[in-house]
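The values are calculated or read from the model by the stated rules, or taken from the named source; none is laboratory data. As the structure is a prediction and not an experimental result, all values here were calculated from the model. Quick reminder, even Gly has a Cβ in these numbers, built from the backbone with ideal geometry, and neighbours come from all protein chains shown. For accessibility, only protein heavy atoms count, side chains too; no ligands or nucleic acids. Shrake-Rupley method; radii C 1.70, N 1.55, O 1.52, S 1.80 Å.
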Amino acid sequence: MTEQPTQQTADDTVTFEDLGLRPELLKALTSLGYEEPTPIQREAIGPLLTGADLLGQAATGTGKTAAFALPVLQRWAELGPDRESLDPVALVLVPTRELAVQVSEAFHRYGRDLGVRVLPIYGGQPIGRQLAALRRGVDVVVATPGRAIDHIGRGTLQLGDLRTVVLDEADEMLDMGFAEDIEAILQETPEQRQTVLFSATMPSRVDGLVQRYLRSAVRIQMGRASTPPGEAPKVRQSAYVVARSHKPAALGRILDVESPTAAIVFCRTREEVDQLTETMNGRGYRAEALHGGMSQEQRDRVMGRLRAGTADLLVATDVAARGLDIEQLTHVINYDVPSAPEAYVHRIGRVGRAGREGVAVTLAEPREHRMLKTIERVTKQRITMEKIPTVADLHARRLELTKSALHESLLEEDYEQFRVVVETLADEFDIVEVALAAVKLAHEAMGNAPDDEVIPDLSEAAERPDRKREPSRGGSRGPASGAVKLFVGLGRRNGVRPQDLVGAIAGESSLSGRDIGAIEIADRFSLVEVPAGAADEVIDALRSATIKGKRVTVRRDRDRAPRRERW
Ligand code: AMP
């Protein structure tokens, strides 16, 4: 077996064209918004086009489907329109029916201008339809092993013309007990076929298959990320497991809780960038799109808006974000799990620079969970699984912020001009009711739009047995036990960022950054959680220090304002 070490650098700019794909395939990829090959595609497509066997260690989310589907399509197209046989030239074996459907849809999308006939066959689907389609003739079959064996036994699936066999997610297929079926199928295929095996892990049983059925295979292993030079960035890394349809809502809620000064959200394709930008703007966030299809002038304008603070969310593809260095960036959000650990490391390296704390958040679909694990293993960094804040969490947090704003206003005592309103209403209503109505108006005026979308929490389903969930630092869940909240009289309007507060507290008191809990930044003030035992020390230290060049009010948030007679 020839070893082909994976090599990626940030400036590698191999295009799909460079890989030698046909115009029809290139057109399909452009229309899907794929800007450039993922690392596995970069490595695999070339050798596969030459007919070589290949062993790829890659998890879902790396773009491995296109890595094998594009060469299969190209090699099939090279046979020309005169191919007379009705039997398939490629067989892809997958562990589940869902994957069979997904993979055959991918073949359809990539091969739509080539007129390829792709058939998924799996158990549970009426066999009659499959038989009819097989009789009419197919070019590519994507099957679960059990149903494939069934058709081979009936003589309805003929493998004599096969040029390529792909074993996708081989480790999963073996775990599901398909070992014998797979071997039986492989025995039915022509000797000189091309054999391609993808597996997220390489247990010895998979290796056994490789030894028996692959010849001089090119070996590609994703995930040898080089740690960035110098000190590893200080980045708090977390992930949420959420269904695709709930991602926009989940993103909104996470942004509300995290209150980033500026965030970049990475998407896979241009279409996704445009769609998400529109969705987030519709949800009241100031989002700007950045992708490879934009002119330099458009890009400059977007960057200008981000720097000036008139936009706070940049939605971008990896290609478009290359070389970007945004000083104010506090959060990197992966709208999908990146296609390789390298991409992940590269993305999150945009925050946490120069000793400042950064935050990396990844939204993973349940099936992408394994890729997250791979990233953890390769980067040797912990990604904490979090629960999406619930509607109740969010309401509680928003009420808390409204209360703190009112509290501040009460201390400022700058409301005499409104006394007449209260006194007049007090003739007609109970004073508490007047207060309640005023609080409601204040709450709504703070931009608290209702958000009642229920986002199913899928983290349990995808939970890793070897990980215990850790409490979040992003905290909408109230102070951790033994912690108190401090009110700091500087907020977003003063340009305060979480790292400024962490820096000031760690610099002026005996606490270190790790001791500091959740930080919430509102327009005019911030709330910081610190261990109860250190609260007085931190208050004293901050009162005699300056933050962002200013002396600020600092006190326990739970301190009640002196009760006023009229309230
Ligand atoms: P897979 O690992 O094959 O399941 O692919 C994961 C996702 O990445 C799928 O949604 C693909 O449509 C998408 N994808 C694959 N290749 C690319 C690419 N080169 N650029 C953008 N998205 C891609």
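Of note:
- Rounded percent of accessible protein surface that carbon and sulfur make up, the chain, 1.4 Å probe: 50 percent
- Against the chain, whose longest principal axis comes from its Cα atoms, helix 270-282 is set at around 30 degrees.
- Karplus-based coupling profile of the stretch 107-120, in residue order and whole Hz: 4, 4, 4, 6, x, 5, 7, 9, x, 6, 9, 10, 10, x, with θ = phi - 60° in 6.51 cos²θ - 1.76 cosθ + 1.60 and x standing for Gly or Pro.
- Share antiparallel - DSSP beta bridges, the chain, percent rounded to 5: 20 percent
- Across the options 62, 425, 114, the greatest Cα extent toward the positive end of the charge dipole of the chain (unit charges at beta carbon of Lys, Arg, Asp, Glu) belongs to 62.
- Interchain or long-range residues, amide H under 5 Å from residue 385's placed H: 239, 470
- Mean sequence separation of contacting Cα pairs (under 8 Å, at least six apart), scaled by the length of the chain, corresponds to a relative contact order of 13 percent.
- Probing with 1.4 Å while keeping every protein chain in the model, the per residue accessible area of the chain equals 46 Å².
- For residue 169, the shell of other residues with beta-carbons less than 14 Å away shows a net charge of -1, using +1 for Lys and Arg and -1 for Asp and Glu.
- Modelled label positions at residue 418 and residue 392, each set 7 Å beyond Cα in the direction of Cβ, lie 3.1 nm from each other.
- Using the Cβ-Cβ distance between residue 433 and residue 278 with R0 set to 41 Å, the FRET efficiency works out to roughly 0.50.
- Summed over qualifying helices (DSSP H, 4 residues or more, each -39500 (n - 2.57)) and divided by its residue number, the chain shows a 222 nm mean residue ellipticity of -12000 deg cm²/dmol.
- Cα-Cα P(r), the chain, percent of pairs per 10 Å interval: 3, 16, 23, 21, 15, 10, 7, 4, 1, 0
- With DNA, RNA and ligands ignored, accessible area of residue 346 (1.4 Å probe; Å², nearest 10): 90 Å²
- Charged neighbours of residue 26, selected by a Cβ distance under 14 Å, balance to -2 (K, R count +1; D, E count -1).
- One Cα centroid belongs to the stretch 501-538, the other to the stretch 229-286; the line between them spans 26 Å.
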